[in-house]
Every structure is written in C-alpha cells, then in structure tokens.
Amino acid sequence: MLIYFQQVRPGVAKAIRDILTTYAPRLAAVSPMGGQLAARLNEYAQSGKMIRGILVRMGYELCAAEAPDAAMVRVLDRAGAAMEFFQAGLLIHDDIMDRDTMRRGGVTVHTQYERDATEASASDPVHHGLSLGMCAGDIAFFLGFHILSSLPVPLDLQERSRRVAAFSAEELCWVGVAQMQDVRNGAGGLGADPDPAQILRVYRYKTGRYTFSMPLMAGAMLANGSPAHLEALEQAGENLGVVFQLKDDELGIFGETGQLGKRADSDIREDKKTLLRHFLFEAADAGLKAELQRIFGSPEPGEAGLKFVREAMEKTGARDKVREYMKCFAMEASDRIASLPQESGACTAAAREAFQDLFRYSVERRS
C-alpha cells in the first residue's frame, strides 16, 4: 500500500478500536449481542484498507496551509473512523444483496449470524442471518453519524463539524438511491439494460462520491477549504471513484479469489450490469451472446463459465475498452488535483504527491 496510507492508517485504526471499546459495554448492556457486534465490527474494519478514513486526512492537508496539530489529528482520525463505519454498513448490506458469503478474506457478517443460528438450532437460520446482518449494518451507520456529530472540536470549529455531518448524510442518500438502481439493473426485465451513461451515473453515486469525494471534502471542510478547493476535490474524487469501480469490475472477473478476499464470479452470478459486461454484449455476435446469456445470472457459473467470460472479454476488446475509460477518468482526476489553489505547506505537497500515487494505484491494484 502507499507510504502515505501506511503512515495515516494506524491513527484511523486506533480511533476505530477506541470508539468500539467505549461503546461495547453500552451495546452489551442492551443485549450480549451488542458486545459481540462491537467485536465483529472491529475485526471487520481492521481487515480493510481504510482508504475512506485516510482520505479525510488527505483532504484536510490538501487545503491547509499548516500540518494538523495533535488535537486536529485526533479529530481527523475520528472523522475517518466514521467514514469506515459507513463503509462497513454499506458492505454488510451489499453482501446481503449480492448473496456473497466471503468478504475481505473472511466470512461475511450476515453469514456469521447464519452460522450462529445454525449452531443454536434456530428456525430458518438463513433468514435469521439476513435479518441480523441488516441490523448490524444499520448500527454501523448510526455509530458513524454519532461520531461525526460529536467530533472533539473547539467551539469555533463546531460549525465545520456540523457541516461535515450534514454533507455526509446527504451523500449517503445518493448512495442508497444508486444502490437501488444497481439492484434493479441486476434483476433483468424491462428497463434493466442500461447504456454506458446510465452505468457511469450509478458508479458516480454508488461508489465514486462516497469512496473519494465524501471523505476528501469532509477533510477539506474541517480545514475550511475554499469553494475552489471543494469543487476540485469533489470532481477529482468523483472521477477517481469511477476508476475504482471500473477496476472493481475488472477484478470481479479477472481477479483471483485469494487476492480479492471474495469469490471471483460474484458479478456473473448476480448479472451485474457493469460497463465491462455492456461492451462484451455489444461486441458479441448472436452465438456468443446466447452463450453469455446462459452464463450470466447462473447461480453457479463454475470455473468453465468464468473462463469462457474472461476469454470473450479479451477477444472482443471489452476489457481493453474499459481500461481506456479508467485511464481517461484517472487523468482527469489528476488534472483536477493539479488545479487546486497552491498552498505552501509541506503537508500539502506530501498530500498532493500521495494523491498522484493513489490514482496510479487505483488503476494498477490487484485487490
């Protein structure tokens, strides 16, 4: 992982641990399940890259003339932890919708609850696991908003903190609507064959903005960044988020399960209407399209089905076309950051360099 991220990640990770250590007894006082959930959320969050949490610090340093002092670092780490709680909630719910049983190299949260129910001889353990997974995701969301609404800032910065919380709530509304469209697209039927513009719109709001724009702008708001700063970070983050989703699509077909931490055929099983799939079907002749329609949406496409899709994407040029899209969006994101008003601080220069590393990583990553 990038050096900047390696340096900032421990602070965000500690904030997550500290928050859950504080809340575990209160959650457990309601039910023993609360204490169990705190432990599971901590394990879940610590196993991720924490990109969103780290980007809060980057957003601040891209706009600040001076490096954050110790008190502000604590604020940024806790705001970053809030972003990671949002991410945890979204992924827990996403795994339910995608019917995935693996995430980050381990068992998904709802599957853990399903196994608990099976061991306890509960009735309908599958429904039990899904229901508790939904509750776990909800709690992660509410915990994130509580952290944002109670950041340890002095009185003169409380308006900035309130602004970050309000902005984040609004952004997650857009994520929810885009997720609904994504689910609808995967269901098939009338209106469920989106064109590239519609697919990219879902990517912008389902992934791009909350993954990059939201944490970058949260940090910028805490630094009291100018409208020019906020606009540049919003657009750069959105473009980089699209790159991130396009790379996820590619890894969802060409990645290895051991590196991904989840099954490599998930997008095929769910018949996700990705840009990669769109270009594949667009280039396919009648015979190839018939075979692809048999594989996409199959509960178990198998190794043979996955191999067939991979080869078809290479032969039709669908993979190369998506890679061109990635490069274009990445360069636009880089240009947006280059257009930021110049700050003279050393921390700003380091943050700019880290952002350039980030967009290269987003194109080249393998997990």
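Would you kindly identify the helices (runs of 4 or more DSSP H) lying entirely within region 247-323 that contain at least 3 residues that are basic (K, R)?
302-315
So, in region 3-42, exactly how many residues are surrounded by 19 or more Cβ atoms within 10 Å (Cβ to Cβ), in contact (Cβ under 8 Å) with a residue 40 or more places away in the chain and farther than 15 Å from G137 by Cα?
Residues flagged as surrounded by 19 or more Cβ atoms within 10 Å (Cβ to Cβ), in contact (Cβ under 8 Å) with a residue 40 or more places away in the chain and farther than 15 Å from G137 by Cα within region 3-42 amount to 10.
Yes or no: E119 of a type outside the set (A, V, I, L, M, F, W, C), touching a helix residue (DSSP H, G or I) at 6+ places or on another chain (Cβ under 6 Å) and over 20 Å from A64 (Cβ atoms)?
Taking the combined requirement at face value, the residue does not satisfy it.
Could you grab me the full set of residues in region 132-158 that are more than 14 Å from T108 (Cβ to Cβ) and of a type in the set (G, A, S)?
G144, S149, S150
Looking at region 94-146, which of the residues that are among the charged types (D, E, K, R), within 20 Å of G252 (Cα to Cα) and outside any helix (DSSP H, G or I) is farthest from the chain's Cα centre (by Cα)?
R99
Given the criterion surrounded by 13 or more Cβ atoms within 10 Å (Cβ to Cβ), in contact with an Asp or Glu (Cβ under 6 Å, 6 or more places away or on another chain) and among the aromatic types (F, W, Y), identify the matching residue among F296, F254.
Answer to the check: F296.
Looking for something over 30 Å from P154 (Cβ atoms) and touching a residue at least 60 places away in the same chain (Cβ under 8 Å) - is there at least one such residue anywhere in region 78-91?
Yes, because at least one residue in region 78-91 is over 30 Å from P154 (Cβ atoms) and touching a residue at least 60 places away in the same chain (Cβ under 8 Å).
Within the group D285, D265, which residue is farther than 22 Å from Y205 by Cα, without any contact (Cβ under 8 Å) to a residue 24 or more places away in the chain and acidic (D, E)?
D285 is the lone residue from the list that is farther than 22 Å from Y205 by Cα, without any contact (Cβ under 8 Å) to a residue 24 or more places away in the chain and acidic (D, E).
Looking for something under 17 Å from the mean Cα position of the chain (by Cα) and part of a helix (DSSP H, G or I) - is there at least one such residue anywhere in region 186-195?
Checked region 186-195: no residue is under 17 Å from the mean Cα position of the chain (by Cα) and part of a helix (DSSP H, G or I).
So that you can scan it fast, the table gives a plain yes or no per residue for (1) out of contact with any helix residue (DSSP H, G or I) (no Cβ under 7 Å at 6 or more places or on another chain); (2) under 30 Å from L76 (Cβ atoms); (3) modelled with pLDDT of 95 or more:
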position: A220; (1), (2), (3): no, yes, yes
position: G225; (1), (2), (3): no, yes, no
position: A228; (1), (2), (3): yes, yes, no
position: G237; (1), (2), (3): no, yes, no
position: E303; (1), (2), (3): yes, no, no
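Please go through region 143-153 and pick out each residue that is touching a residue at least 40 places away in the same chain (Cβ under 8 Å) and either among the hydroxyl-bearing types (S, T, Y) or out of contact with any Asp or Glu (no Cβ under 9 Å at 6 or more places or on another chain) (or both).
Answer for region 143-153, where residues must be touching a residue at least 40 places away in the same chain (Cβ under 8 Å) and either among the hydroxyl-bearing types (S, T, Y) or out of contact with any Asp or Glu (no Cβ under 9 Å at 6 or more places or on another chain) (or both): L143, F145, I147, L148, L151, P152, V153.
With respect to E66, is the statement that it is touching a Gly at 6+ places or on another chain (Cβ under 6 Å), touching a residue at least 12 places away in the same chain (Cβ under 8 Å) and not in a helix (DSSP H, G or I) true?
yes
Going by the structure shown, is D267 more than 27 Å from A178 (Cα to Cα) and of a type in the set (D, E)?
Against the criterion (more than 27 Å from A178 (Cα to Cα) and of a type in the set (D, E)), D267 does not qualify.
Which pairs turn up if I take residues in region 208-237 that are over 22 Å from C328 (Cα atoms) and look for partners that are crowded, with 24+ Cβ neighbours inside 10 Å and among the aromatic types (F, W, Y) with beta carbon separation below 8 Å, at least 6 apart in sequence or on another chain?
Close Cβ pairs (under 8 Å, with a partner that is crowded, with 24+ Cβ neighbours inside 10 Å and among the aromatic types (F, W, Y)) amount to G219/Y60; A220/Y60; L222/Y60; A223/Y60.
Is at least one residue of region 78-87 in a helix (DSSP H, G or I) and over 17 Å from the mean Cα position of the chain (by Cα)?
Yes, some residue in region 78-87 is in a helix (DSSP H, G or I) and over 17 Å from the mean Cα position of the chain (by Cα).
Quick one: G219 ticks every box in (1) assigned to a helix (DSSP H, G or I); (2) surrounded by fewer than 20 Cβ atoms within 10 Å (Cβ to Cβ) except a single one, so which number is it?
So the condition that G219 fails would be (2).
I need the full set of residues from region 151-183 which are in contact with a Lys or Arg (Cβ under 7 Å, 6 or more places away or on another chain) and not hydrophobic (A, V, I, L, M, F, W, C), in order please.
P152, E171, Q179, D182
The values are calculated or read from the model by the stated rules, or taken from the named source; none is laboratory data. For clarity, every value in this text was computed on a predicted model and none was experimentally measured. Neighbour counts run over all protein chains shown; Cβ positions are idealised from the backbone, glycine included.
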